[in-house]
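Accompanying notes for the structure given below.
The values are calculated or read from the model by the stated rules, or taken from the named source; none is laboratory data. Everything quoted here is computed from the prediction, not taken from an experiment. Because the Cβ atoms are built from the backbone with ideal geometry, glycine has one as well, and the counts that use them run over all protein chains shown.
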Amino acid sequence: MQTNHYKSGFISIIGRPNVGKSTFLNYVIGQKIAIMSDKPQTTRNKIQGVLTRDDAQFIFIDTPGIHKPKHRLGDFMVKLAENTLNEVDVILFMINAEEGYGKGDQYIMDRLQSMKKPIFLIINKVDLINQADVFPLIELYKEKCNFREIVPISAREGNNIPELLDMIANQLPEGPKYYPDEQVTDHPERFIISEFIREKALQLTREEIPHSIAVVIDAIEKRSSNTVYIQATIITERKSQKGIIIGKQGKMLKEIGVRARRDIEALLGTRVFLELWVKVQEDWRNKLYHLEQFGFNEEEY
């Protein structure tokens, strides 16, 4: 039931690559909508997750990690992350407690200084360090930026996340429910399915593969009352990478498909027949035509 003073608003999650932004989002939402990997720069688009409570609706935007771009796709990712700062009511700046302070953090904090909105410092992965080491981190960052709140959490374990959500709710403006109670993301199923496939390729392939791949959904068809057929193409930049993704006698591609199908079936609540192909598009990350074709439209941001 919506109260008279219902609150709602947009919250941006920013930080260097691989600090745990997607893990945090998935934990808060209660299901998987953002892909996770131990490789940096996993997130390429804004992933919008919706949490609805009796007192407030939180619309979280998980952005690509802010980093020094090496290609046009990297430019797109950084521009996307930075532009979200102007669209939101609260900013969560997340750091990795294991890594501590770095130049990338200072670059982000320099951008944050001019922001006239609540900024929280979220120290993630505190379950992986000695608790006595958390306090020096808090003091170090407190000197560098004027944070509204500093909250140590574990996105993996859920430590301090309920308390963090209450703090965020206190900062949100009064407003309507933007989304129905049951909706957890504004992304179409097609996008999430492509991300699940890309996640499995990221998890299974070698270091030279991850950021040279994209996934395009070619077809989604309901074949019967309980079966959906999906055809998707994994795009990569070089023939050698194509060989790695396919693997010996097709074993790697088959394993990517098996793992992705499990997540897709959980998402759709039905049996899935997944057919994967691999295609080479040389240097696609630097070509505007291919970036737009694969869903990275710079004009929108």
Of the residues in region 117-135, how many are touching a Leu at 6+ places or on another chain (Cβ under 7 Å) and either under 14 Å from Val19 (Cα atoms) or surrounded by fewer than 16 Cβ atoms within 10 Å (Cβ to Cβ) (or both)? 2
Mind checking whether some residue in region 126-136 is more than 25 Å from Val50 (Cβ to Cβ), of a type in the set (Phe, Trp, Tyr) and either in a helix (DSSP H, G or I) or in contact with a Cys (Cβ under 7 Å, 6 or more places away or on another chain) (or both)? yes
Would a scan of region 178-192 turn up a residue that is touching a strand residue (DSSP E or B) at 6+ places or on another chain (Cβ under 9 Å), buried (at least 17 other Cβ atoms within 10 Å of the Cβ) and free of Cβ contacts under 8 Å to residues at least 60 places away in the same chain? no
Can Asp55 be described as at pLDDT below 85 and of a type in the set (Asp, Glu)? no
If Gln249 satisfies every condition in (1) free of Cβ contacts under 8 Å to residues at least 60 places away in the same chain; (2) surrounded by fewer than 17 Cβ atoms within 10 Å (Cβ to Cβ); (3) among the polar types (S, T, N, Q); (4) on the phi < 0 side of the Ramachandran plot but one, which is the exception? (4)
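Each row is one residue, and each column tells you yes or no for (1) of a type in the set (A, V, I, L, M); (2) under 30 Å from Val278 (Cβ atoms).
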| site | (1), (2) |
| --- | --- |
| Asn160 | no, no |
| Leu165 | yes, no |
| Ile168 | yes, no |
| Lys177 | no, no |
| Pro180 | no, no |
| Glu189 | no, yes |
| Ile193 | yes, yes |
| Gln203 | no, yes |
